[in-house]
Amino acid sequence: MTADRVMRRTLRFESLEELQAELAMLEAAHRSGHLRTTGNWTAGQIFAHVAAWIEYGYDGYPMDPPLLPIRWILRLMLPKMLRDGMNPGVRIPGIKGGTTGADQMETPAAIDRLRTAIGRLSRGEPGRFHSPAFGVMSDEDRIRLTLRHAELHLGFLATD
């Protein structure tokens, strides 16, 4: 077992409602002073990052698509990712810090941002922008990818 697996909680969300329930539990832990992180980011950065990646589908992605051969490979990897989840430590080549959206935010503001972003998905608001990595995705797959992404990052949050 790797150190990452030891430090992270293993989460599995089957619906946006389950993600919202987890968010409410983490918010309560923060309010009571019992929320801690087990990785390199603050809680605010984690919530902001997950929110940002939902928002990109509505507001636009801050990066160009990878080269076509890479997109083909990623597209082939998508079903496994949607089924089994995402691996920690993956970095986007050419992006400073390896990813985007890990904004420095106060935890309550970042939780509100994530709650708003999840609400857009829950209401079925159509995404206007396709994933630069995966291309056109069904609404169901967009939600599943969001759930897998949230599992990865919220797993770095723990309650005492």
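Read-outs: derived from the displayed coordinates by stated rules, not from any lab. This one's a predicted model, so the numbers in the text were calculated from it and none came from an experiment. Here the Cβ positions follow ideal geometry from the backbone for every residue, glycine too, while neighbour counts run over all protein chains shown.
Say R0 is 22 Å: what FRET efficiency, to the nearest 0.05, do SER138 and ILE95 get from their beta-carbon distance?
Between SER138 and ILE95 the formula returns 0.25.
Once phi is turned into ³J(HN,Hα) by the Karplus curve 6.51 cos²θ - 1.76 cosθ + 1.60 with θ = phi - 60°, what whole-Hz value does each residue of segment 139-144 show in order, with x for glycine and proline?
My calculation for segment 139-144 gives 4, 4, 5, 4, 5, 4 Hz in order.
Could you derive backbone 3J(HN,Hα) for segment 102-107 from the dihedral phi with the Karplus parameters 6.51, -1.76 and 1.60 (θ = phi - 60°), listing whole Hz in sequence and x where the residue is Gly or Pro?
Result, ordered by residue: 7, 5, 6, 9, 5, 4 Hz.
Highest GNM mean-square fluctuation, the chain, Cα pairs closer than 10 Å: which of ARG123, ARG75, ARG115?
Greatest mean-square fluctuation among the candidates belongs to ARG123.
What is the fewest-to-most order of TRP53, TRP41 by other Cβ atoms lying within 10 Å of their Cβ?
TRP41, TRP53
Report, by chain and number, residues whose modeled amide H sits under 5 Å from the one on MET137, excluding near sequence neighbours (fewer than 5 apart, same chain).
SER131
Can you give me the Rg/Rh ratio for the chain, using Cα atoms for both radii and the Kirkwood formula for Rh?
Result for the chain is an Rg/Rh of 0.94.
Mean-square fluctuation check for the chain, GNM, Cα pairs under 10 Å: which of ILE46, ILE143, ILE70 is largest?
ILE70
Taking θ = phi - 60°, what integer Hz values does the Karplus form 6.51 cos²θ - 1.76 cosθ + 1.60 yield along segment 151-160, in sequence order, with x for Gly and Pro?
Rounded to whole hertz, the list is 4, 4, 6, 5, x, 8, 10, 9, 10, 7.
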